[in-house]
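All remarks here apply to the structure that follows.
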């Protein structure tokens, strides 16, 4: 096993290799107190550049929310649908290769595309890293991401005077995030006319039966668009160019780039996927009057919701808080964009990086209170502090975090 550091500007990129060649990558974009966090995904075509961009997105999310974590990401080259034994061996080999990063806690992995909490626990154990009893529990991260995307849609609709009831939307990617989001859209009166998976897109201008699609997807996965013939089966890329009010990319990054941005006909774009829109494409969309919300804002529900669930907060309370927080962020961002003439992304990035720098400085010079908090957190991770006590304290903590932010309580 080998781990090689490649620095070519931006995030530090580590290439993990084994006997059969490259196993995958770890990108560390930023650190706080020598640590960074971010999901570990398993895909056959993950690339170094994609991993770096995803790590940057994590820095921006943590900064936006003022959570004391550095941003990182990892990608394992492999088929997530491979036989269990083959998949396990691939993940375990990757864990052994990146053991120096895992054992030092310089990189703390989480669940991402193609992986589960069980996978991450196995990777850590293969590297000799103990897993605390409250770490890596299954969470509703996909649902919380859907909640934050929906919050972006709702606030953007208010901004441009769009009545969501009776409006039209398409969801690219009908996985954990996309399927939950489609349900939230339909529940708000939005007519979801198209969805897509890796097998293609399903389109019905009269609206799709989202509940039926959700039930079928739970059984058939990406084949849902082939099994449910409630509409026209079309090329998945064509979904992005349909006449719509709302477009929600929830698949892989880069689905909207300069080659197709000029053909996007939606009024609002709110993404569940990281880096769904290339920077050059955002400029094209803005020039055409499309309200394109930054992805690290609209999909931050996974980070915020996962952190709140770790603190033993109830899922219903977590979802309500994520909705309120993201609405407040989007409102502030759009008002600042109007006031300064800057693009929404530029406004949000400046805030995220400024807050990240403040959190980093505070973490590197901890007060006595911060040290006591850190010691208590360690005990809680090991199951030595009751969940009920932490839940009670956590709500006040997150409320203060929101109230003290530039975007306020919404």
Task: Exposure proxy ranking, count of Cβ atoms within 10 Å, fewest first, for 216, 145, 118, 197 - done: 118, 216, 197, 145
Task: Equivalent ellipsoid semi-axes, region 320-375, via Cα gyration tensor eigenvalues times 5, rooted, Å - done: 30, 16, 7
Open item on the list: For the pair residue 33/residue 372, report the inter-label distance in nm, with labels modelled 7 Å from Cα in the Cβ direction.
Closed with: 1.6
TODO: On a C-alpha basis, how far is the centre of region 204-236 from the centre of region 40-98 in Å? Whole number, if you could?
DONE: 29
- [ ] Calculate, in nm to one decimal, what residue 382 and residue 79 gain on full extension: separation in residues at 0.36 nm each, minus their alpha carbon distance.
- [x] 105.8 nm
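Could you tell me the convex hull volume per residue, in Å³, taken over the Cα atoms of region 126-197? Present the calculation step by step, with values, prior to reporting the outcome.
Details: hull volume 8.5 nm³, N = 72.
Convex hull of Cα atoms, per residue: 119 Å³.
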TODO: Run through the DSSP bridge list for the chain and note the antiparallel percent, rounded to the nearest 5.
DONE: 50
Task: DSSP-defined beta bridges in region 1-107 - what % are antiparallel, rounded to 5 - done: 75
Open item on the list: Using Cβ contacts closer than 10 Å as the measure, can you line up 390, 111, 190 from fewest to most?
Closed with: 390, 111, 190
Task: the chain: calculated mean residue ellipticity at 222 nm from DSSP helix runs of at least 4, using -39500 (n - 2.57) - done: -15000 deg cm²/dmol
Open item on the list: Can you give me the C-alpha center-to-center distance between region 259-275 and region 321-339, rounded to a whole angstrom?
Closed with: 19
- [ ] Answer rounded, prolate or oblate for region 353-403, using the Cα gyration tensor with square roots of eigenvalues a ≥ b ≥ c: rounded when a/c is under 1.5, else prolate when a/b is larger than b/c, else oblate.
- [x] oblate
Task: Taking N as its residue count, the alpha carbon Rg of the chain over 2.2 N^0.38 Å - done: 0.96
Open item on the list: Please report the antiparallel percentage of DSSP beta bridges with both residues in region 157-235, rounded to the nearest 5.
Closed with: 60
Task: Rg/Rh for region 1-58, where both radii come from Cα atoms and Rh is the Kirkwood radius - done: 0.96
Task: Where N is the number of residues in region 254-410, Cα Rg divided by 2.2 N^0.38 Å - done: 1.23
TODO: Within region 98-115, find all residues whose amide N lies under 18 Å from a label point positioned 7 Å from the Cα of residue 4 along Cα-to-beta-carbon.
DONE: 98-101
TODO: Pop a pseudo-label 7 angstrom from the Cα along the beta-carbon direction at both residue 400 and residue 117 and give the gap in nm to one decimal.
DONE: 2.8
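State the Kirkwood hydrodynamic radius of region 141-351 in Å, one decimal place, computed from all pairs of distinct Cα atoms. Please list the in-between numbers first.
Working: mean 1/r = 0.0592 Å⁻¹.
Across region 141-351, the inverse of the average 1/r is 16.9 Å.
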TODO: At 0.36 nm per residue, minus the direct Cα-Cα distance, what do residue 204 and residue 125 gain on full extension? Give it in nm, one decimal, please.
DONE: 23.7 nm
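Across all directions of projection, what mean area in square nanometres is found for the Cα convex hull of region 2-126? Write out the running numbers ahead of the final one.
Details: hull surface 28.2 nm².
Averaging across all directions leaves 7.0 nm² for the Cα convex hull.
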Task: Residues 228, 248, sorted so that the one with the fewest Cβ neighbours within 10 Å comes first - done: 228, 248
Task: Simple spin-label estimate for residue 212 and residue 137 in nanometres, 7 Å along Cα-Cβ - done: 3.8
Task: Interatomic Cα distance distribution for region 177-295, bins of 10 angstrom, percent - done: 14, 48, 31, 6, 0
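Read-outs throughout are calculated quantities, based only on the coordinates presented, and are distinct from any laboratory measurement. Since we're looking at a predicted model, the values are computed, not measured. Quick reminder, even Gly has a Cβ in these numbers, built from the backbone with ideal geometry, and neighbours come from all protein chains shown.
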